[in-house]
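Below: the structure, in C-alpha cells.
Bear in mind that the values in this text are calculations on the coordinates, not laboratory data. Everything numeric in this text was worked out from a predicted model, so none of it was measured. Don't worry about glycine lacking a Cβ; one is built from the backbone with ideal geometry, like all the others, and counts go over all protein chains shown.
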Amino acid sequence: MEYVIEMLNITKDFPGIRANDNVTLQLKKGEIHALLGENGAGKSTLMSILFGLYQPTSGTIKVRGEEVVVRNPNDANEMQIGMVHQHFKLVHNFTVAENIILGKEDTNRGFLNMDDAIKKITALSERYNFNIDANALISDISVGMQQRVEILKMLYRDAEIMIFDEPTAVLTPQEISELMKIMKHLTEEGKSIILITHKLKEIKAVSNRCSVLRKGKYIGTVDVGKTSIEQMAEMMVGRKVLFEVEKGASKIGESILSVKNLNMTNKVGKEVLRDVSFEVKAGEILCIAGIEGNGQTQLIEAITGLNSHFSGNVFIREDEITHKSIRNKTLTGIGHIPEDRHKHGLVLDYNLGENMILQSYFDNEFQNYGFLDFEAISKHTNDLIERFDIRIGRGERTSARSMSGGNQQKAIVAREFDRNPDLMIAVQPTRGLDVGAIEYIHKQLVRLRDENKAVLLVSLELDEVLSVSDRILVMYEGELVANVYPKDVTENDLGLYMSGSKRGAV
Amino acid sequence: MNKLFKKIIGFPQSESGESFLSSFSAILFGVAFGFILMLIFNPSEAFEGIGIILTGGFEAGRSSLGTVLVNSAPIIITGLSVGFAFKTGLFNIGATGQLTVGAFAAIFVGVNWTFLPGNLHWIVAVLAAILAGAIWGIIPGLLKAFLNVHEVVATIMLNYIAMYLVVLGVKETVFNSLRSESLSVHPNAAIPTFGLDKIFPDSSITGGLILAFIAVIIIYIILKKTTFGYQLKAVGFNRYAAQYAGINEKMNIVYSMAIAGALSGLAGAVVFLTQSGIHITTTYILLPQGFDGIAVALLGLSTPIGVLFAGIFFGYIKVGGFFLQRLAFEKEIISVIIASIIYFSALSAIFKKYVRKVFATKKNSDGGDE
Amino acid sequence: MKKLLVLVAAMVLVFTLSACNDTADENTLPDPNEGATSFEIALVTDIGTIDDGSFNQGAWEGLVEYAVEHQFTHKYYQPIEKSTNDYVDAIELAIDNGARTVVCPGYLFENAVWLVQGDYPEVNFIILDGSPHNVITWDDASTADVDETVTIADGAMDFTVEDNVQPIFYTEHESAFLAGYAVVQDGFTELGFIGGIAVPAVVKFGYGFVQGADQAAQDMGLADDAISINFWYSNVFWETSEVQSTAAAWYTGGTEIIFAAAGGAGASVMTAASQEDGLMVGVDVDQSDVSETIITSAKKELAISVYDTLVEIYGGTGVLGVTAVFDVTNDGVGLPQDFSRFDTFDQAAYDIIFDKLVDGDIIVDGDNTQSLATIIAKYDKVEVSDEN
Ligand SMILES: Nc1ncnc2c1ncn2[C@@H]1O[C@H](COP(=O)(O)OP(=O)(O)OP(=O)(O)O)[C@@H](O)[C@H]1O
Ligand SMILES: [Mg+2]
C-alpha cells in the first residue's frame, strides 16, 4: 500500500511534558484520516511537527516514501503539505487575496502581480463553490469564510496533503456540512487529508480511517466504517463515555437574572437586539439557541458589560446592574465563560497561575497590602489543575500560550466554576473539548443548577442544547422567537425556529 | 552538583537565559557591524579602534568608569520609562518631553528656592521634576483613555510643546542672559554623590546613579510583585481580557503614563541637578536622553533589570566612542559607528527568535498551540 | 527583515561616504596626519559641530592651515555632552593623545580652561573671545564677565591666566566701523542696528557701526543728519517674534539695511529681511552663505587669529598669559574680501579706509562704557534714534 505521509516513532518533549511518545501515523493517498485524542493528547503537536513548526525529539518522517526533514513551514509548502491551524493565522486588515498570497507573492519587476493572483483565487473559489470575494477584508467576513480563506491558501500553494486542526470547532452546523462536502471534493481530486476533531459524528461522517492518541501515546488506527462512535470514544479516553447527560428534575426557585427590553444597534446602524426580555431562575439551566450571528454575542456582551451601548435593563435578583462596572457585576456573583477564549478569556502572555486569578487578584486570598501572594496563587492553581484535570507541563508556571486549545478552555472553565457564582453565563463552554471533558463540564453545569444556582448557556450545538438545558430560548435576528422545553421539541423543530421559518410564544 | 549542571545547560532555554542571549547576540551583531564600518574607513586602525570601543569605559580607569555611569544614569531611567509603558501596552515616545519639563522643574527649584535648607533642597527639586514629568505623562494618558488619541501622536506633539515651553520658561525665570542658557543650580540642589565620588574620583558622578538603581528596584517590584503591576500588565498584554476581568483600562492607561512620565522627569533631574556645568540652552533641540531611552528599552527587552544593563552598556559605548577620538577616525564616522552599535543592539527582540531557533531542538516554550 | 538591515547598512554607508568627501583638500602638501597616532595641535568643539559656520569652523580652518603648512599633526575632539566637565574631559583626552596646543573656540570654555591650565603647564591653550575664570557659586558667575571686580559671599572670582594660556579678544568696534562705512559709501542712508543684550562686545559693535557711517558721510560730504540709524538693543540673543516684527517694521518704514549683532536673534532679522526685501550686515563670521540678504559681515578673523597665535607659539615668543587683542593692525577684524553684493563700494575703497585705521589716521572709539547719547553727540552726520 502506498502512503503519502508516514510519521514513524515520533517523540516530542517539551519542558516537563512528553507531548508525543513514539507515535506512528500513516496517511494513504486520497483518504481522510481522522486524528482523535483528548485535550492535550498531542494532536496539534504531531501536526506541527509534520508542518515543520517543531522538530521532533526523535523519529522519522517520510513523504511519498522518501525520508525527509521538515525544517520549517516553507519546506512543508515545498513538499505540498498545507495546514489550517486550530486558531487561524490571518492578517485582519488585509484582504482575502493579500492574505492568500502572503509569503508567496508573485512580483513583476518588484511590483505585486495582484491581478493574476486575484484571477487564480477567483477561479479556485469557483471550482470549489467557495463563494468568496477576493477583495473583502478579513475583518469583515465570517469565521466560516475565514476558514475557506485558509483552505484557499493551501490550494493556492498547490498543497496535496492537507491538515485540518479542529476546523469545525468554530463553525455553525450548516458551515460544518459544507466543509465536509468540500473535504470530500478535495479527496476525490486525489488530495489527502488529516482531520483533527473532537466530534465523533464528523469522523463517522467523512473519514476513512482514524488514529487515536492518548496522553501522547499512540493507541491504534481503526477503520471508521467498522467502528462505532462508542468504541472510538473508549479508545480515546480509556473508559466508557456517557453521551447522555444524567440529571434529575429541576427545582425552580426565585429569579436570579432578569433582562428587560434590551435593544442594541451596531456601529453600522443595524438592529442586533430587539426587545429581548427573559428571566433565568435559580435551579435552572436556560439555553439560548440559535445560529451564530443572530445576536447571542451581543446579548451576552450587554449582560456582562463588555458592551454598554444598549438600552433596557438588567437585574440580578432585585438589584439593577444595567450599567454597573464589570468588576461590580463579577463581585455580585456572575461567572462568565466567554465565547472567545483568546480574546477575552485568557492573557496568553501570563502563565496559568496568573490567569487563574484574573478576576480575583485583588482578593485578600491572593494579596497582602497590594503585593501578590504567589504561594497562595500556586496552591490555588494546582488545586484547580487537579480538580479539573488540566493537562500541562509545568504546573502554574506553564505559559497559557503553550497550553493545548482544550486545556486553555478547561482552565477558563475551572476558574469560573471555582468562583461559585450565583449566575453562570457559559458561552459555548465545550468548544474544542474532547468528549470526556465535555461530559465533565456538563456535569458541572448540572451540579451548579442542583445547588440552586442559575445557568445561562449559549450553544450552537443542538445536541448540547437538547441534552443539558431545562428550558430553551431560540434567537433569530436579534429577537427571541421561541421558548420551549427540551422534552417538547425535536432537533427538527429547533432547526425551524433557528432558521426563522417558525415562531412560537416567548 | 547535578542540579547546577542542569541549570547551566538549561540556561539558554530558560526565559531569562533566552532574553540574555538574544540581547547579547544583538550586541555582538552591533559591534560586528561597527567593526566592519571601521574596516571600511580606517582599516589600519580598525582593530585598535574596536578595542578602544570595547574597553573605553576603562580607558582612564575609575574616572572614565564614572563618566560611563554619569551618562548611563539618565538613560537607564528613561529606558525604564519607555519599557514600563511598553509593558503596559503603551508606546511612550514622549520620554524626551517629559525629561525636559522635569529638567526645567528641577532647575527652577534648584535655582530659585534657596530658602530650602541643606538636603531638602535637592530632594524637593527632584520631586518637582518627578511631578512635572508625571503631569507631562498624564496628558497623553488622559487623551488616550478618554478621547482615544493615540499616545504616539500625543507624546510626539508634547515633546515639541515641552521643548518650546521650557525654553520660554528658562528665559523667563532662570535665565543666564549672557550665555543664553539656564542658571546653575544652587550647590544644595545638586544631587549628592553619596560617596560615589570617592569610588570614581575625577568624574562628575552624582547620586543620579543611585536614584536610577532605586527606580529600577521600584519598577521591578511594581511589575513583578504587586496587584497594581499585575493589572497594568494585563491591560498591556490583552486589553480585552483585562476588560473582561473588570480592570479599569482607562485609569490604567493614565496611571501607567503618569509613572512613565514621572520616571522621565526624574531623568531630567538626574541630568541637570549637578554642578558639572551643564545647562538647558535656548536652542530648540529635543534632548537625546529621551530617545536613547527607547533604544535602551528595546535592548533591555523592557524589563527593569535588562534596562539597567542596557543603559550601562550604552553609556559605556558612548564613552568608548569618545575615546575612539584618539585614533585618526573622523568624528562623523565615530558617530555613525556608535549609533550603529547602539541601534543594532536595540534590535535584540529580533534575535530572540533566532536564539529560540538555535535551541529549538530542545525546547519550544512559546508560540505553541495558538 | 534582512532586506531592511541591508537597506539601513547601505544608507549608513552613503551617509558616511558623503560626510568624508569634503575632507579631501586641494592643498598639495602631504597630510601630516598620515599614519599619525598622536596629534600635536588640537581643537575641542563647543556645543556646535565642526562645520557650524561659526567659531568652531573658523578656528579649525586657521588651525588646519597652519598645521598643514608646518606639518603638524592635528585633530579635533568632540565632548560627550555639553557640560564643563565634559569639556575638561575632552581637553584632557586631547592632551593625553599628544596635544601640546589646545584651541578652545568660545567663551563656553572659560571655566574649563581655568580648571586645566595649572595641571598642564607644558600645554598651550588658546581661548577665543573669552578668558579663563572660575565659577564660585551658582548665580553670579555670569556677572563676572561684565564687572571683573564682583566678589560674592562664597569667595572671590579668580581671573588667573597662567602663562601657558592665550586668551584672544577682537576689536568689534573696528569691524563694525568698516561695515558702517562701507554701506554708507555704497549709498545707503537709512540704516538700522539691532543688538542683543548690551554686553561690551555688542555695545562696541553698535558704536563702531555708528562711527563708520558718520565717517563715510563726512568723506562723501553729505549734509548733517543725512544718515539716519535706528538703534535698538533687543535684550535677547535668541530668535523672537518681537525682533522679527521690529525689523520688519523698520524695513517697511524705510530702513534699507540692518546690522544685527544679536546672536540667535540675527535669524529673526534675517527672516524679516527676506520677507520685506530688506538687506543685512552679518556678524562675527562671513555670513554671506547663510542669506542672500547679507551684503557684508563685520568679521572677527578667527582663522587668522588662530593661525597667528600658532605662529607665535611654535616660532615666536610663545604665549604670555596676556590677553591678545586682534584688530585691524594684525588683520584680526575686517570685512570679507568679496564685495560683489555692493553696488559701488569695492576692494580699493575698502583698502583705503582699512589703511587709515591701521595707520591711526582714524581712531575708532571702542569705549563701551559711554552712553549712546554721548557718542552720538560727537557725530553730526548721523541721526540716531534710540529705540530703547
Ligand atoms: N510550545 C509548547 N511548550 C510547552 N508545552 C507545549 C507546547 N505546545 C504544546 N505543549 C504541551 O503539549 C501537550 C500536547 O499539546 P497539543 O496542543 O498537541 O494537544 P492537542 O492534542 O492538540 O489538544 P487540544 O485538543 O486541546 O487542542 C499539552 O500538554 C501542551 O501543554
Ligand atoms: Mg490542538
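Compute the Rg/Rh shape ratio of chain B: radius of gyration over Kirkwood radius, all on alpha-carbon atoms. Across chain B, the Cα-based Rg/Rh ratio is 0.99.
Projecting the Cα atoms of A:Leu53, A:Ile100, A:Ile182 onto the dipole axis of segment A:3-237, where Lys and Arg carry +1 and Asp and Glu carry -1 at the beta carbon, places A:Leu53 farthest toward the positive end. For A:Lys62 and C:Asp51, the FRET efficiency from 1/(1 + (r/R0)^6), where r spans their Cβ atoms and R0 equals 45 Å, is about 0.10. One way to sum up the overall shape of segment A:340-420 is the equivalent ellipsoid from its Cα gyration tensor, whose semi-axes run 19, 13, 12 Å, largest first.
Between C:Ser274 and A:Ser308, the simple label model (points 7 Å from Cα in the Cβ direction) yields a spacing of 5.3 nm.
Taking all Cα-Cα distances within segment A:33-101, those exceeding 17 Å account for 53%.
Modelled spin labels at C:Glu190 and B:His150, positioned 7 Å past Cα toward Cβ, are 5.1 nm from each other.
Tell me, which longest segment in chain A has none of the GluC sites (Glu not before Pro) that fall in DSSP loops with at most 14 further Cβ atoms within 10 Å? Segment A:3-104 is the longest. Segment A:256-299 and segment C:94-109 have their alpha-carbon centroids 80 Å apart. For chain C, the mean residue ellipticity at 222 nm estimated from helices alone is -12000 deg cm²/dmol, where every DSSP H run of n ≥ 4 contributes -39500 (n - 2.57) and the total is divided by all residues, rounded to the nearest 500.
In chain A the longest region clear of trypsin sites (Lys or Arg not before Pro) that are loop-assigned by DSSP and have at most 10 other C-beta atoms within 10 Å covers A:271-506. If I take R0 = 60 Å and measure r between the Cβ atoms of A:Asn22 and C:Thr37 in this structure, what FRET efficiency does the formula 1/(1 + (r/R0)^6) give, to the nearest 0.05? So, using R0 = 60 Å, E works out to roughly 0.35.
One quarter of the convex hull surface built on the alpha carbon atoms of the protein assembly as shown amounts to 58.6 nm², the projected area averaged over directions. A cut-off of 5 Å between modelled amide H atoms, ignoring neighbours fewer than 5 places along the same chain, links C:Thr296 with C:Gly282. List the residues, sorted by chain then number, that are 5 or more residues from C:Ile126 or on another chain and whose placed amide H is less than 5 Å from its amide H. Long-range HN contacts for C:Ile126: C:Val102, C:Val103, C:Cys104, C:Gln166.
Phi angles across segment A:210-223 convert, under the Karplus curve 6.51 cos²θ - 1.76 cosθ + 1.60 with θ = phi - 60°, into 3J(HN,Hα) values of 9, 9, 10, 10, 9, 6, x, 9, 7, 9, x, 10, 10, 7 Hz, Gly and Pro given as x.
A Förster distance of 30 Å, applied to the separation of the beta-carbon atoms of C:Val322 and C:Lys378, puts the FRET efficiency at 0.45. Between A:Phe374 and A:Leu102, the modelled labels are 3.6 nm apart [label points 7 Å from Cα along Cα→Cβ]. Among the GluC sites (Glu not before Pro) within segment C:284-365, those in coil by DSSP and having at most 14 neighbouring Cβ atoms inside 10 Å are C:Glu292. Amide H contacts for A:Asn20 (H built 1.01 Å from N in the peptide plane; partners 5 or more residues away or on another chain; cut-off under 5 Å): A:Lys12.
Here the relative contact order of segment B:191-292, from alpha carbon pairs under 8 Å that lie six or more residues apart, stands at 20 percent. Each Cα pair under 8 Å and six or more residues apart adds its sequence gap; the mean of these over the residue count of chain B is a relative contact order of 35 percent. How far is the Cα center of segment A:424-451 from the Cα center of segment B:203-277, in Å? Comparing the Cα centres of segment A:424-451 and segment B:203-277, I get a distance of 42 Å.
If only the Cβ of Lys and Arg carry +1 and only the Cβ of Asp and Glu carry -1, the dipole of segment A:340-420 around its Cα centre is close to 380 debye. Both the radius of gyration and Dmax for chain C are 22.4, 77 Å, in that order, over alpha-carbon atoms.
In percent, rounded to a whole number, the relative contact order of segment A:340-420 is 39, using alpha-carbon pairs under 8 Å and six or more apart.
Centroid-to-centroid, using Cα positions, segment A:181-237 and segment B:44-81 are 63 Å apart. Applying the Karplus relation 6.51 cos²θ - 1.76 cosθ + 1.60 with θ = phi - 60° to segment B:176-191 yields 3J(HN,Hα) values of 9, 5, 5, 9, 6, 8, 6, 5, 6, 7, 4, x, 5, 8, 6, 5 Hz, where x marks Gly and Pro. Relative to the current alpha-carbon distance between B:Phe115 and B:Tyr284, full extension at 0.36 nm per residue lengthens the span by 57.7 nm.
Taking each of A:Lys120/A:Lys204; A:Lys89/A:Lys215; A:Lys120/A:Lys201; A:Lys260/B:Lys144; A:Lys204/A:Lys410; B:Lys171/B:Lys250 in turn, the alpha-carbon distance tops 32 angstrom for A:Lys120/A:Lys204; A:Lys120/A:Lys201; A:Lys260/B:Lys144; B:Lys171/B:Lys250.
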